[in-house]
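The values are calculated or read from the model by the stated rules, or taken from the named source; none is laboratory data. On a predicted model such as this, the values are computed, not experimentally measured, just so you know. Positions of Cβ are backbone-derived with ideal geometry, glycine not excepted, and every protein chain shown enters the neighbour counts. The accessibility values were calculated without ligands, DNA or RNA, using every heavy atom of the protein model including side chains. Shrake-Rupley method; radii C 1.70, N 1.55, O 1.52, S 1.80 Å.
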Amino acid sequence: MNSTNESTNSGPVSGLLAWAEVQEHYDRVRESHLRELFADDPARVERMTLDVVGIHADLSKHRIDEASLSSLIELAEQRDLRTRIDEMFTGVHINTTENRAVLHTALRLPRGESLIVDGVDVAAQVHAVLDQMGSFADRVRSGEWTGSTGKPIRAVVNIGIGGSDLGPVMAYRALRHVSKRDVQFRFVSNIDGTDIVESTHDLDAAETLFIVSSKTFTTQETITNAESARSWLLAQLGSDADVAKHFVAVSTNADAVQSFGIDTKNMFGFWDWVGGRYSMDSAIGLSLMLAVGPDAFEDMLAGFHAMDEHFRYADFDGNLPVLMGLLGVWYRDFFNYQTQVVLPYEQYLDRFPAYLQQLTMESNGKSVTHDGTPVGVDTSAIWWGEPGTNGQHSFYQLLHQGTSISPADFIMFVQPVNDIGDHHDKLIANVLAQANVMAFGRNDDELRAAGTAEDLVEHKVMPGDRPSTTLMLDRLTPYALGTLISLYEHVVFTQGVIWGVDSFDQWGVELGKAMAGQLLPALSADDVPDLSGFDSSTAHLAMRYRQLRGR
Ligand code: F6P
């Protein structure tokens, strides 16, 4: 094997000496059931539980022992993770294919701190925009900002997609309990006309504010939905209505905002060093700030920052994002587990798995390293999930007895937001039970001893040995939400460094967009289009669509 001890983040990770060592540990550890790992090590839970900025993280139910975990940490050292972290936090252009800094951590620097990047104090820029957002949010929330007829705003509609939608909607839903309940918040993303129609059909245009959120302000879905929103508004309010009172923009592209017809004084900016999927705590979170107010937004930023500091400075053996990131690599590349499931036992986090899907898979769903050579090992797991307990009555059967194993992240809160009856104790009993059953299962002897009918024993065997993390937090506050999101951002970063991929580009989404752009005129043209440039299947489907639409 072409092994080397040198620190490097380019080229295939499998060439590192530490990779071979991790492989040796895998060959050993895979023989041990979690039952044995627990039996052999009475101090396991204590040793493998971390308390990090309000998150009590139990990593003991992982198929790993001390020696194999140390080999993974050595892999991170050999991949020079520490240097890569410093580079991210200080504004080095680590998004190499787009030649950009990656500075979402600067979005939550405390007021008064400065960070000079390329000669500019980015922290000061961030706080200037936060102040602009704060004063706008106060005006809307107090009723001082009115629509064109003088009515206060009673509905806020965020129009955006991907990172300009998933973060805001996830966080809004997570923090509904601290939101302004007399204002409705809606989120429109899909280009399917149903989304904008269903999101506006019951709204009064005179009381509605649209936030058009798009980093580039060129995204087809967002611009199309924004145009339809403007038509809807003018249809209700008359063509001379003051549209400026009903539309604001969040973008890095002032020219495009202006040409759309939104006054740039009603624009909230951010910067090319904020990736779309890392932008919910930038001005892209304006809808969230309108919902929860500037103070709660600031609390959320403080949570993000606390986790940032932990990630930046904690030793790897006590560094939660690093350890969770390495466990992901361990399962993906050594155990060959293909998916990772996220199971929040908190209804308010119902969109958290969807948010994580973009964060993880758009970041690390890559096949080549920074220098364009094949990664050579498997990269991002497929992330999925649903809030508990709903999933228990649907896909948990596969989690427990299926042939595919999916490591799980269970997320739970000690204090219920809505403390009614014994709901919360029942919820917590369920999450603890599921993690227990995944790990330890039931074997045939135990089933027989419990009197199980012989013909059902094999059906009822629960193999166990299915790994999980349990994250226990106190209460779902804005601060706690910030810590959780930041945790996963840094898990993704850690994994991207190990694999040596650019976690901050997304070239894989471009071809489909371009192809849709080429097909669109062919679908709507009056004359029979020339589809010879397309494969016969696509051409056939396009022609059938035209025919059935009477074209
Ligand atoms: O198509 C993918 C993507 O570029 C995401 O990375 C991004 O979050 C989303 O589209 C929306 O982009 P924008 O904010 O520029 O409209």
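In this structure, does Val188 turn out to be open to solvent by less than 40 Å² (accessible area, probe 1.4 Å), under 27 Å from Leu476 (Cβ atoms) and without any contact (Cβ under 8 Å) to a residue 60 or more places away in the chain? Yes, satisfied. Of all residues in the range 283-318, those satisfying the criterion of being free of Cβ contacts under 8 Å to residues at least 24 places away in the same chain and more than 19 Å from His104 (Cα to Cα) are Asp295, Asp315. Taking the range 152-179 as the region of interest, how many residues are under 16 Å from the mean Cα position of the chain (by Cα) and within 16 Å of the ligand (Cβ to nearest atom)? Qualifying residue count for the region: 12. Against the test of being surrounded by fewer than 22 Cβ atoms within 10 Å (Cβ to Cβ), at pLDDT 95 or above, within 16 Å of the ligand (Cβ to nearest atom) and β-branched (Val, Ile, Thr), the options Thr224, Thr149 yield a single qualifying residue, Thr224. Screening Ala128, Ala123 for residues that are without any contact (Cβ under 8 Å) to a residue 24 or more places away in the chain, assigned to a helix (DSSP H, G or I) and surrounded by fewer than 15 Cβ atoms within 10 Å (Cβ to Cβ) leaves exactly one candidate, Ala128.
Which of the residues that make up the range 288-310 are among the hydrophobic types (A, V, I, L, M, F, W, C) and within 14 Å of Gly54 (Cα to Cα)? Once the filter is applied, which keeps residues that are among the hydrophobic types (A, V, I, L, M, F, W, C) and within 14 Å of Gly54 (Cα to Cα), the range 288-310 yields Met300, Ala302, Phe304, Ala306, Met307.
On inspection, Thr194 fails the criterion of being of a type outside the set (Phe, Trp, Tyr) and within 16 Å of the ligand (Cβ to nearest atom). Taken together, the criteria exclude Gly385 from residues that are of a type outside the set (Ser, Thr, Tyr), out of contact with any Asp or Glu (no Cβ under 7 Å at 6 or more places or on another chain) and under 26 Å from Ile94 (Cβ atoms).
With respect to the conditions (1) within 21 Å of Arg277 (Cβ to Cβ); (2) touching a strand residue (DSSP E or B) at 6+ places or on another chain (Cβ under 7 Å); (3) open to solvent by less than 40 Å² (accessible area, probe 1.4 Å), Thr252 lacks only one, and its number is (3).
Just so you know, in the range 481-510 the residues that are farther than 25 Å from Arg79 by Cβ and open to solvent by 10 Å² or more (accessible area, probe 1.4 Å) include one that is farthest from the chain's Cα centre (by Cα), and it is Glu510.
Filtering the range 229-258 to residues that are part of a helix (DSSP H, G or I) and either small (Gly, Ala, Ser) or under 20 Å from Gly285 (Cα atoms) (or both) leaves Ala229, Ser231, Ala235, Ala244, Lys245, Ala254, Ala256, Val257. Going by the structure shown, is Phe335 at pLDDT 95 or above, open to solvent by 10 Å² or more (accessible area, probe 1.4 Å), among the aromatic types (Phe, Trp, Tyr) and closer than 30 Å to Ile405 by Cα? So Phe335 fits the description; yes. Inspection of the range 368-386 identifies no residue that is part of a helix (DSSP H, G or I) and either within 15 Å of the chain's Cα centre (by Cα) or farther than 24 Å from Leu481 by Cα (or both). Selection within the range 19-62: residues that are basic (Lys, Arg) and in contact (Cβ under 8 Å) with a residue 40 or more places away in the chain. The member of this set that is farthest from Ser468 (Cα to Cα) is Arg28.
For the range 359-375, name all the residues that are within 13 Å of the ligand (Cβ to nearest atom), open to solvent by 10 Å² or more (accessible area, probe 1.4 Å) and in contact with a Phe, Trp or Tyr (Cβ under 9 Å, 6 or more places away or on another chain). Met361, the sole residue that qualifies. Just so you know, in the range 243-261 the residues that are under 17 Å from Ala155 (Cα atoms) and over 23 Å from the mean Cα position of the chain (by Cα) include one that is farthest from the ligand (Cβ to nearest atom), and it is Lys245. Using the structure shown, decide if Pro353 is free of Cβ contacts under 8 Å to residues at least 40 places away in the same chain, more than 16 Å from the ligand (Cβ to nearest atom) and open to solvent by less than 20 Å² (accessible area, probe 1.4 Å). Yes: the conditions hold for Pro353.
Looking at this structure, is Met307 surrounded by 24 or more Cβ atoms within 10 Å (Cβ to Cβ), of a type outside the set (Asp, Glu) and within 16 Å of the ligand (Cβ to nearest atom)? For Met307, the condition - surrounded by 24 or more Cβ atoms within 10 Å (Cβ to Cβ), of a type outside the set (Asp, Glu) and within 16 Å of the ligand (Cβ to nearest atom) - is not met.
For the range 262-279, the set of residues classified as within 13 Å of the ligand (Cβ to nearest atom) and of a type in the set (Lys, Arg) consists of Arg277 only. Does the range 197-221 hold any residues that are assigned to a helix (DSSP H, G or I) and either within 16 Å of the ligand (Cβ to nearest atom) or open to solvent by 40 Å² or more (accessible area, probe 1.4 Å) (or both), and which are they? Answer for the range 197-221, where residues must be assigned to a helix (DSSP H, G or I) and either within 16 Å of the ligand (Cβ to nearest atom) or open to solvent by 40 Å² or more (accessible area, probe 1.4 Å) (or both): Val197, Glu198, Glu207, Gln220, Glu221. What are the pairs with Cβ atoms under 6 angstrom where one residue, in the range 65-77, is touching a residue at least 60 places away in the same chain (Cβ under 8 Å) and the other, located anywhere, is among the acidic types (Asp, Glu)? Sequence gap at least six, or different chains. So the pair list comes out as Ile73/Asp317. For first residues located in the range 161-172 and modelled with pLDDT of 95 or more, partners that are within 9 Å of the ligand (Cβ to nearest atom) and among the hydrophobic types (A, V, I, L, M, F, W, C) and lie 6+ apart or on another chain with Cβ distances below 6 Å form the pairs Ser164/Ile284. The residues in the range 494-540 that are within 16 Å of the ligand (Cβ to nearest atom), closer than 30 Å to Ala171 by Cβ and of a type outside the set (A, V, I, L, M) can be counted, and the count is 11.
Here the condition is being of a type in the set (A, V, I, L, M, F, W, C) and either under 27 Å from the mean Cα position of the chain (by Cα) or closer than 15 Å to Asn158 by Cα (or both); of Leu237, Leu233, it holds for Leu233 alone. Checking the stated criteria, His177 turns out to be open to solvent by 10 Å² or more (accessible area, probe 1.4 Å) and touching a residue at least 60 places away in the same chain (Cβ under 8 Å).
Filtered by the rule that a residue be part of a helix (DSSP H, G or I) and not hydroxyl-bearing (Ser, Thr, Tyr), the range 259-271 gives Phe260, Lys265, Asn266.
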